[in-house]
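Note sheet for the following structure.
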Number of protein chains: 2
Amino acid sequence: MKRNPLFFNVSEKYLFHEVKTRVEAFKKSHPDAQIISLGIGDTTKPLAPTISNALQEIGQGMGTSQGYKGYGPELGLVELREKIIKTLYPQISWLDSDEVFISDGAKSDIGRLQILFGDTTPVALQEPSYPAYFDSSLMIRQKRPITLSCVPTPNGTSRLLLDTLPKGSLVFICSPNNPTGTVFTRSELKEYIEISKMNGHILVFDVAYREYILEGSDLPRSIYEIPGAEEVAIEVGSFSKSCGFSGIRLGWTVVPKALRYADGHSVNKDFTRLITTLFNGASYISQKAGIIALSEQGRKETLEQVSLYKESTKKLKKALLERGAKVYGGDHAPYVWVEIDTLTGWSSFDYFLSKAHIVTTPGIGFGPSGEKFLRMSGFARSDDIDESINRILKLNLRNPIE
Amino acid sequence: MKRNPLFFNVSEKYLFHEVKTRVEAFKKSHPDAQIISLGIGDTTKPLAPTISNALQEIGQGMGTSQGYKGYGPELGLVELREKIIKTLYPQISWLDSDEVFISDGAKSDIGRLQILFGDTTPVALQEPSYPAYFDSSLMIRQKRPITLSCVPTPNGTSRLLLDTLPKGSLVFICSPNNPTGTVFTRSELKEYIEISKMNGHILVFDVAYREYILEGSDLPRSIYEIPGAEEVAIEVGSFSKSCGFSGIRLGWTVVPKALRYADGHSVNKDFTRLITTLFNGASYISQKAGIIALSEQGRKETLEQVSLYKESTKKLKKALLERGAKVYGGDHAPYVWVEIDTLTGWSSFDYFLSKAHIVTTPGIGFGPSGEKFLRMSGFARSDDIDESINRILKLNLRNPIE
């Protein structure tokens, strides 16, 4: 059999896999180093008590005739879909439960959306961004995605040039952004929606970090807060970063019925067909845990954890600024985006690993505009954050010597 | 945006979705009918006690700093991969843990394998078979899959004509087969492997029902029991039917390193890259439960449940034969494949629904060769099986009157 020619286009290693490989190599040559990871954005706090207790009950129930569940609906438990609407989209009056699809995490649904739109649709993506958008596109279409550079500078964040794209493009954007930590404002989104409407684009709006937007801020947590978005946008969400579900695997995708192809066909209908064919639903246990996570007590406990991660990120940002780095993000996101003069590409990654035994993620891994940056995550354990700060405070980030 | 043209090729409803719709309609017009489902192949027995207990412990642990887990390896926990090898492939000496990929179920990995081989690879499949093979192929390639008819007859099961396929085909086969319940013998598989080797085919061998092969039988539970299979075959497995994990979501896929494309590229390497891009691992909870399910006690308890499902299937088969139906399968599979003269297509489905209030699955839903058949599942609750048998014994299946 011939190899799938598309795989010649994919770089051999996925970003975080490459990070892991480099760290392993460093550990081998420095067996005594106390390495702290501020690399991959993975939650570290134990599950909230309400959720842990619920999991025990679900596990017990699955061992009884009354509580046992086999296959559920491929689209997800209706109770969870309704709970998501009630809790996370209270102001979106048009949203119905068959517009909410439960996934085993945003990454899987990003891949499934690539299949939905097929190999002839032009794809674009905000850059720097989560590498899965780019790589998953390479796996199903010959044409490379168009990258829309969008970097924070001391004078603000550059605009997404959606009007330069071919008509009818599929565009992946993420807000709060991973890795830069910047958030699109209402007026920016309004403009992007208008341009998309005029050009027949469909936006895939990733809100994995929505809970990191500060309370009381007017920044939108969902693209549907802007009227008309339901005609141009799909929204992808995740329980990973807001509830510590990165290991439990749960997310959702909103595909509004108002979203139509040029010929009037319903995108929601095609996605429903795709999900019933390529997926058999998220784990029943994860879904039941998700319902609890969205209960009043679950919300209270999980949002407290989010606050603590935000606190860590803020402290990290302060230390980095103090030592002379330029730092973006970190206010409405669990990530800081760090610029250090003279260090580019993997060299800033290697610098922090060798000088401070801190694992970061090189900005270049998120796209070419990330070359001068690196990302640090505030998801580490509090003691690791404190120790990282001690180490950072010993560095000279204005004139780093490699 | 233009609609993905491939979706014009996909029938609007997935088989089991259509079954559900017909049953709902019948319920509305017959609100008092006591409907029993022998339709979808879904397990009904509560989780084995060892697994239910383990789930409670895992849930409790996830609420502690020591027990909490975030992202795991995309390919799955090494402990689970090793346990699968030790328990399910003890005789396969070449099999290494990085040839075993943990999935959230066979259906998801079937979709991911379609992507792996790309849109220009010719696809073929045993027919009748699980509809996801066919439908998932339609979603990523223009060319329809070639169907290889393979039906049981009173004189044995017809041969798969693998030598008639274009060179380098991807072929989906399933043994024990869903829906017909037949199992390929060692000599049949040996022949299929030889033909595949000569023609550059890759076989995807689905063993979701492997535990239903009777103890002591010489029928192969894995294609790798036949030497040389590692050069031509991928094997897809599932915890759903053997451990009652249909709601928990767990499976595995073996992609041997010996499997190579014509140019020498490793299929395993491409699949690894695909999995790290399109998937973030199965739920940690499901994986830990899988490890317990493969422990000595877990095996004992789950295989006891399998025995009870087999017992039910056997009783069902006996009753159907007694009333004059032709019945295949049911010996090494949880399904019986029923042929009733004069009833074809959806009419046999409608017959059982209206005359006995029993939900079945029409054979036609598994492919054109299934037209004269229907599938009944032995997975129902024991009391439902007994009541179904009472009702079947009142039918005249030699001369059914619609």
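B:LYS45 falls short of the stated requirement of being surrounded by fewer than 18 Cβ atoms within 10 Å (Cβ to Cβ) and farther than 30 Å from A:ILE140 by Cα. What is the number of the single condition among (1) under 24 Å from the mean Cα position of the chain (by Cα); (2) at negative phi that A:SER65 does not meet? A:SER65 satisfies every listed condition except (1). Could you say whether any residue in segment B:263-274 is modelled with pLDDT under 95, of a type outside the set (A, V, I, L, M) and out of contact with any strand residue (DSSP E or B) (no Cβ under 9 Å at 6 or more places or on another chain)? Yes; the residues of segment B:263-274 include at least one that is modelled with pLDDT under 95, of a type outside the set (A, V, I, L, M) and out of contact with any strand residue (DSSP E or B) (no Cβ under 9 Å at 6 or more places or on another chain). Screening B:ASN53 against (1) open to solvent by 60 Å² or more (accessible area, probe 1.4 Å); (2) more than 30 Å from B:LYS300 (Cα to Cα) leaves a single unmet condition, (2). Checked against the criterion of being in contact with an Asp or Glu (Cβ under 9 Å, 6 or more places away or on another chain) and at pLDDT 95 or above, the candidates B:ARG221, B:ARG210 yield just one match: B:ARG221. Within segment B:6-17, being in contact with a Ser or Thr (Cβ under 9 Å, 6 or more places away or on another chain) and in contact (Cβ under 8 Å) with a residue 40 or more places away in the chain holds for B:VAL10, B:TYR14, B:LEU15, B:PHE16. The set of residues from segment B:134-144 being in contact (Cβ under 8 Å) with a residue 60 or more places away in the chain and open to solvent by less than 10 Å² (accessible area, probe 1.4 Å) comprises B:LEU138, B:MET139, B:ARG141. Among the numbered conditions (1) closer than 25 Å to A:ARG260 by Cα; (2) touching a helix residue (DSSP H, G or I) at 6+ places or on another chain (Cβ under 6 Å); (3) hydroxyl-bearing (Ser, Thr, Tyr), tell me where A:SER149 comes up short. Of (1) closer than 25 Å to A:ARG260 by Cα; (2) touching a helix residue (DSSP H, G or I) at 6+ places or on another chain (Cβ under 6 Å); (3) hydroxyl-bearing (Ser, Thr, Tyr), only one is false for A:SER149: (1). Screening A:GLY264, A:GLY290, A:GLY298 for residues that are at positive phi and not hydroxyl-bearing (Ser, Thr, Tyr) leaves exactly one candidate, A:GLY264. Of the numbered criteria (1) more than 7 Å from chain A (Cβ to nearest Cβ); (2) open to solvent by 80 Å² or more (accessible area, probe 1.4 Å), the one B:PHE16 fails is (2).
Residue count for segment A:1-54 under the criterion of being among the polar types (S, T, N, Q) and in contact with a helix residue (DSSP H, G or I) (Cβ under 7 Å, 6 or more places away or on another chain): the result is 5. Do we have any residue at all in segment A:279-291 that's buried (at least 24 other Cβ atoms within 10 Å of the Cβ) and among the β-branched types (Val, Ile, Thr)? Within segment A:279-291, one or more residues are buried (at least 24 other Cβ atoms within 10 Å of the Cβ) and among the β-branched types (Val, Ile, Thr). So for segment A:230-247 (the condition being within 30 Å of A:SER283 (Cβ to Cβ) and without any contact (Cβ under 8 Å) to a residue 24 or more places away in the chain), does at least one residue qualify? Yes, because at least one residue in segment A:230-247 is within 30 Å of A:SER283 (Cβ to Cβ) and without any contact (Cβ under 8 Å) to a residue 24 or more places away in the chain. Of the residues in segment B:95-102, none is out of contact with any strand residue (DSSP E or B) (no Cβ under 8 Å at 6 or more places or on another chain), at the interface with chain A (Cβ under 7 Å from one of its Cβ atoms), part of a helix (DSSP H, G or I) and open to solvent by 10 Å² or more (accessible area, probe 1.4 Å). The criterion of at least 3 residues that are open to solvent by 10 Å² or more (accessible area, probe 1.4 Å) is met by the following helices (runs of 4 or more DSSP H) wholly inside segment B:181-278: B:186-199, B:267-278. Condition (residue is farther than 30 Å from B:LEU15 by Cβ and either acidic (Asp, Glu) or in contact with an Asp or Glu (Cβ under 9 Å, 6 or more places away or on another chain) (or both)) applied to segment B:39-46: is it met by at least one residue? Among the residues of segment B:39-46, not one is farther than 30 Å from B:LEU15 by Cβ and either acidic (Asp, Glu) or in contact with an Asp or Glu (Cβ under 9 Å, 6 or more places away or on another chain) (or both), which makes the answer no.
Note on segment A:56-73: among residues that are facing chain B (nearest Cβ under 8 Å) and touching a residue at least 40 places away in the same chain (Cβ under 8 Å), the one that is most open to solvent (accessible area, probe 1.4 Å) is A:LYS69. If only residues of segment A:246-270 that are among the aliphatic types (A, V, I, L, M) and over 16 Å from A:MET198 (Cα atoms) are counted, the one that is nearest to the other protein chains (Cβ to nearest Cβ) is A:ILE248.
Results for (1) touching a Gly at 6+ places or on another chain (Cβ under 8 Å); (2) modelled with pLDDT under 95; (3) in a helix (DSSP H, G or I); (4) more than 10 Å from chain B (Cβ to nearest Cβ), shown as yes or no for each residue.
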| site | (1), (2), (3), (4) |
| --- | --- |
| A:GLN287 | yes, no, yes, no |
| A:ILE291 | no, no, yes, yes |
| A:LYS300 | no, no, yes, yes |
| A:LEU308 | no, no, yes, yes |
| A:THR313 | yes, no, yes, yes |
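Could you grab the pairs with beta carbons closer than 6 Å, sequence gap of 6+ or different chains, first residue in segment A:21-40 and within 12 Å of A:SER354 (Cβ to Cβ), second one in a helix (DSSP H, G or I)? Within 6 Å, the pairs are A:PHE26/A:LEU353. Give the residues of segment B:74-94 that are part of a loop (DSSP other than H, G, I, E, B), farther than 16 Å from B:SER283 by Cβ and either touching a residue at least 12 places away in the same chain (Cβ under 8 Å) or within 14 Å of chain A (Cβ to nearest Cβ) (or both), sorted by residue number. Within segment B:74-94, B:TYR89, B:GLN91, B:ILE92, B:TRP94 qualify. Restricting attention to segment B:103-135, the residues that are within 8 Å of another protein chain (Cβ to nearest Cβ) and farther than 25 Å from B:GLY244 by Cβ total 8. Considering segment B:26-55, and only residues there that are assigned to a helix (DSSP H, G or I) and within 7 Å of another protein chain (Cβ to nearest Cβ), the residue that is nearest to A:ALA54 (Cα to Cα) turns out to be B:LEU55.
The values are calculated or read from the model by the stated rules, or taken from the named source; none is laboratory data. This structure is a prediction, so every number in the text was calculated from the model and none was measured. A quick note on method: Cβ atoms are made from the backbone with ideal geometry, for glycine too, and the neighbour counts reach across all protein chains shown. Accessible surface areas use protein heavy atoms only, side chains included; no ligands, DNA or RNA. Shrake-Rupley method; radii C 1.70, N 1.55, O 1.52, S 1.80 Å.
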